[in-house]
Every structure is written in structure tokens, then in C-alpha cells.
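First comes the structure, then the notes that go with it.
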Amino acid sequence: DAKTTQPPSMDCAEGRAANLPCNHSTISGNEYVYWYRQIHSQGPQYIIHGLKNNETNEMASLIITEDRKSSTLILPHATLRDTAVYYCIVRAYNAGNMLTFGGGTRLMVKP
Amino acid sequence: EPEVTQTPSHQVTQMGQEVILRCVPISNHLYFYWYRQILGQKVEFLVSFYNNEISEKSEIFDDQFSVERPDGSNFTLKIRSTKLEDSAMYFCASRGQGVIEQYFGPGTRLTVT
């Protein structure tokens, strides 16, 4: 799996958009970008994934640059409940089963 | 919305004792996983299970660990002789056929004294 780099922490004001960056400059053509989050000590929660097109679901949007070397997870209107550690994971769709979690970005949403 | 459940939420055991952690995956899912997270550290993969056999395991998953799907609904992780360093949150996850996202349970906090 390609290595990912994320800032260790970020702050965001409640109600504003939270933009979480991820660098994955060694990503290969068959690797997807996945985002999970972990709220406090709960189990990780799947958010979204994409290959090269931008994706949106009810939780977030994923913007992937044209060269696919970086991406941004956008929470359009962050709430206090979005305070969590966000993990960017790159892996091939048909790769082995395991998810490899890095350190992630600790997002603090402030009132 | 269907979800993965785990029992117990907290298990305290003495070093050397056997523990069994239980998980009920989402009902139509076919792929099952165990991960653990030592306090303050990263989430680590332990093992994946499909079609009644282990499909992948990490170096952490040594002979002290075993997994089983005893009855078609439960998925268990057994630690034969617990060590202090086995103290961690243990997360079960499952995923469906043809999709890649894994759904995690709330975890079991294992404390070995």
C-alpha cells in the first residue's frame, strides 16, 4: 500500500467546512483512497472512498487531485460530533484484506 | 441500520487466563476481521477470516490467538494465555461481498492484570 502523510492535528470552527488533506505521492494506478474516522475510543467508521473522480456522500466529499498524489476530505458543516481522528488509507481494491491505519489527523471542532 | 456488535464491552482477566471475545457481524457479510488498539497507539490488524478459514494474519496473531465462527452468526477471538501486553481495545469488523468498506464494532476493552 502506498504511504500516506497527514497533518497530526487540525482545528475547525463549528459550522464551518473542515478540509483534511492527505498526501499519497507514491499511489499506483489501481489504488483507491479511503477515509475512516475514529471518535474517541470507538471503532473506526468508514466515511468515503474514491479512485480518481471526486466523490460525495451524506457524510463528506472527497476531492482527489488530477495526478492523484493528494486528496482532501471535506466535511461541509462540521459539528462538535465530528471531533475525531481521521485516517487516510490507500490500497488496491482487490488487495489483501487488512486496513493499515497510520497516525491520522486529530480534528478538533470548536464552538 | 445494521451494525456490528461486540461482547463484553469490558473484560478484566488475570495474566495466563484464557479469554474469548465475541462479535456478531452484520448479517449478510462474509468477511470478518479482528483489529486491536493499545492505548494511545495505532489501530493494528490482527486477522481476516473468510469461508471458515483465516485468509490473512499479522505477526501479532501468533499461536496464542485463534478465531472461530462457531454457529454462523458469532465470530470469536480467543487468546489462550493472556499477557499483560495483550491489554488493548479489540475491534471486530465485517464487510459484504463486492464492497471494500469494513464496518467496525464498538470494541471490547481487555485489561490483563
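The values are calculated or read from the model by the stated rules, or taken from the named source; none is laboratory data. Since the structure is predicted, the reported quantities are computational estimates derived from the model, not experimental observations. Positions of Cβ are generated from backbone atoms using ideal geometry, with glycine treated the same way; all protein chains shown enter the neighbour counts.
Brief remarks on what is shown
- Exactly one residue out of B:GLY105, B:GLY96 is within 11 Å of chain A (Cβ to nearest Cβ), closer than 18 Å to A:TYR46 by Cα and small (Gly, Ala, Ser), and it is B:GLY105.
- Among the residues of region A:3-22, those identified as buried (at least 17 other Cβ atoms within 10 Å of the Cβ) and within 15 Å of the chain's Cα centre (by Cα) are A:THR4, A:GLN6, A:ALA18, A:LEU20, A:CYS22.
- Meets criteria (in contact with a Cys (Cβ under 8 Å, 6 or more places away or on another chain) and surrounded by 12 or more Cβ atoms within 10 Å (Cβ to Cβ)) for B:PHE75: yes
- Selection count, region A:20-52, where residues are within 15 Å of A:GLY104 (Cβ to Cβ) and away from every other protein chain (no Cβ under 14 Å): 5
- Strands (runs of 3 or more DSSP E) enclosed by region A:53-111 - at least 1 residues per element that are basic (Lys, Arg) and more than 13 Å from chain B (Cβ to nearest Cβ): A:105-110
- Put simply, of A:ALA60, A:ALA92, A:ALA78 the only residue that is of a type in the set (Gly, Ala, Ser) and farther than 26 Å from A:GLU14 by Cα is A:ALA92.
- Applying the criterion of at least 1 residues that are closer than 25 Å to A:GLY104 by Cβ to the strands (runs of 3 or more DSSP E) found wholly in region B:1-92 leaves B:5-7, B:10-13, B:19-24, B:31-37, B:43-50, B:53-57, B:75-79.
- Residues of region B:21-53 satisfying the condition of being more than 10 Å from every other protein chain (Cβ to nearest Cβ) and surrounded by 13 or more Cβ atoms within 10 Å (Cβ to Cβ): B:LEU21, B:ARG22, B:CYS23, B:VAL24, B:PRO25, B:ILE26, B:HIS29, B:LEU30, B:TRP34, B:ARG36, B:ILE38
- A:VAL85 vs. criteria modelled with pLDDT of 95 or more, surrounded by 14 or more Cβ atoms within 10 Å (Cβ to Cβ), touching a Leu at 6+ places or on another chain (Cβ under 6 Å) and not hydroxyl-bearing (Ser, Thr, Tyr): no
- Residue check for A:ARG91: modelled with pLDDT under 95, within 21 Å of B:GLY96 (Cβ to Cβ) and charged (D, E, K, R): yes
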